Amino acid sequence: MHQVILNYLAPMLGEATAANLLRHYCLKMRMPVEDINRDQLPQLAEAMRPMLAVWLGSEGATRVAQELRQLETGR
């Protein structure tokens, strides 16, 4: 699942920034990056939204957080 998240974020943030963002928030939430699962996506997306706003603006961060949540269901 972590690779799916990175594949989604990398075109917007760059590979290194996407990887660092994911690693940072997984550590903050005390979950191993490699073990992240679909059930954790809503919580992770909400946690990352404020930092995403720094790079993407408020509307972009809201959109990306919503799309990350939808990775959970494959919609």
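Where a number appears in this text, it was derived from the coordinates with a stated rule and is not lab data. The structure presented is a predicted model; accordingly, all values stated were derived computationally and were not measured. Cβ atoms come from the backbone with ideal geometry, glycine included; neighbour counts cover every protein chain shown.
Structural remarks
- Of the residues making up the range 1-23, those that are under 19 Å from V54 (Cβ atoms) and free of Cβ contacts under 8 Å to residues at least 12 places away in the same chain are A10, P11, G14, E15, A16, N20, R23.
- Failed criterion for D39 (all others in (1) surrounded by fewer than 17 Cβ atoms within 10 Å (Cβ to Cβ); (2) part of a helix (DSSP H, G or I); (3) in contact with a helix residue (DSSP H, G or I) (Cβ under 9 Å, 6 or more places away or on another chain) hold): (3)
- Complete set of residues in the range 42-75 that are charged (D, E, K, R) and in a loop (DSSP other than H, G, I, E, B): E72, R75
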